[in-house]
Amino acid sequence: MPKTIKKVGVLTSGGDSPGMNAAIRSVVRTCAYHNIECIGIYRGYQGMIEGDFKEMGPRSVNNIVNKGGTILKSARSLEFKTPEGRKKAHENLTKAGIDALVVIGGDGTFTGGLLFNTEFNFPVMGIPGTIDNDIFGTSHTLGYDTALNTVVDVIDKIRDTASSHNRLFFVEVMGRDAGHIALNAGIGAGAEEILIPEEDLGLDRLLESLQKSKASGKSSSIVVIAEGDKIGKNVFELKDYVEANLPEYDVRVSVLGHMQRGGSPSCFDRVLASRLGVKAVESLIEGKSNYMVGLQNDKVSLTPLEQAIKGKTEIDRELLRVSDIMST
Ligand code: F6P
């Protein structure tokens, strides 16, 4: 018989992403639906260590489904990486009567949750929240769809000015280790070239491609670069390199930065968050632990946290080919 869950703690940790609030709302209301208490833990694992808790009823999450960021705040806790920190956190949870956790975040969040479970046999479920979409076991992480729409919207605006001035723009998007945003937003926004961490395109090919596009009659171009791309030069060095080698180009740089993490979540992210929150709480009620809830073939699924952490998400290489064809 699984232990009866009476009180669930929910936290957001690591980089925030649009849809986290919708996921908190879903966890809180699913708990209420099943007559389980829910406690919000502020500032991720750091708040667990400091006992920064607040009871959350279904009305405490009114009017947040549409809000970016996270009402529970987020933090990257160094103290939680120490056994002493985790012990303190466990003591606080026990004192508050919390008997299961839903953790919303990325790799680091899941690693913390798994470690906590191993040390204290504490039930944990993960919900993937990061704009990078780099979590194994789900086709979409919370915030990814919104970030794609944000990036495409901004590049559309950049295209207006690029075209007016016959300029080439290098647009840097987020993705320290993953090129999902760059690749998909790049195709969606009609980029000439897309540089990603998973593939070294090479500087020669970039120059060749830009030369070709000029020769084919294009007067302006957009190149999308993931911040962690493999080409080995940052976006400003690339600008200088291209200007030095292709003086016919007038180049500008736009680094989109953290604006990609903000904003009202898309309908897709709100629905995803609602579905994942329900599954996370109901899985805990069923006595499950150490899973990440995710989306696979449009069905909500469970992936062991360990696999979610260790597994590598692959980019869809066909998208690279599509991008090549589109820039003909
Ligand atoms: O949310 C993920 C991410 O956007 C990465 O792509 C980026 O490198 C990182 O967060 C930056 O986050 P921070 O500024 O919070 O360290």
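Key figures
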read-out: For the stretch 145-261: rounded, prolate or oblate by the Cα gyration tensor [a/c cutoff 1.5]; value: oblate
read-out: Debye-sum result for the stretch 249-301 in log10 I(q)/I(0), which assumes one identical scatterer on each alpha carbon, at q = 0.21, 0.22 Å⁻¹; value: -0.85, -0.88
read-out: Those Cys residues of the chain for which no other cysteine Cβ falls under 4.7 Å; value: CYS267
read-out: Charge context of PHE136, other residues only, Cβ under 11 angstrom, K/R +1, D/E -1; value: -2
read-out: Scattering curve values for the chain, log₁₀ I(q)/I(0), Debye with Cα scatterers, q = 0.07, 0.08, 0.12, 0.13 Å⁻¹; value: -0.32, -0.41, -0.79, -0.88
read-out: Per-pair calculated FRET efficiency, R0 = 41 Å: MET259 and ILE285 via Cβ, rounded to 0.05; value: 0.60
read-out: Residue order for THR150, THR30 - accessible surface, 1.4 angstrom probe, largest first; value: THR150, THR30
read-out: LYS312, LYS239, reordered so the largest accessible area comes first (probe 1.4 Å); value: LYS312, LYS239
read-out: Proximal charge balance of GLY190 [Cβ under 10 Å; K/R count +1, D/E count -1]; value: -1
read-out: Contact order normalised by residue count of the chain, Cα under 8 Å, 6+ apart, percent; value: 24
read-out: The stretch 153-170 and the stretch 198-269: distance between their alpha carbon centers, rounded to Å; value: 12
read-out: Cβ-defined net charge surrounding LYS299, 15 Å radius [Lys, Arg +1; Asp, Glu -1]; value: 0
read-out: For a label point 7 Å along the Cα-to-beta-carbon line of ARG176, residues of the stretch 7-29 with backbone N under 16 Å; value: 13-17
read-out: Residues ASP160 and THR82, FRET efficiency given R0 of 41 Å [Cβ-Cβ distance, rounded to 0.05]; value: 0.20
read-out: Point-to-point label distance, ASP250-LYS54, nm (Cα→Cβ direction, 7 Å offset); value: 5.1
read-out: For a label point 7 Å along the Cα-to-beta-carbon line of ILE325, residues of the stretch 163-204 with backbone N under 15 Å; value: 187-188
read-out: Rg to Rh quotient for the stretch 18-107, alpha carbon positions, Kirkwood Rh; value: 0.97
read-out: In the stretch 145-261, lysine pairs with alpha-carbon atoms under 24 angstrom apart (chain gap of 8 or more, or interchain); value: 10
read-out: Cα gyration tensor, the stretch 208-328 - rounded (a/c under 1.5), prolate or oblate; value: prolate
read-out: Residue-averaged [θ]222 nm for the chain, counting only DSSP H segments that reach four residues, each worth -39500 (n - 2.57); value: -13000 deg cm²/dmol
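The values are calculated or read from the model by the stated rules, or taken from the named source; none is laboratory data. All of these numbers come straight from a predicted model, not from anything done at the bench. FYI the Cβ positions are ideal-geometry reconstructions off the backbone, even for glycines, and counts take in every protein chain you see. Accessible surface areas use protein heavy atoms only, side chains included; no ligands, DNA or RNA. Shrake-Rupley method; radii C 1.70, N 1.55, O 1.52, S 1.80 Å.
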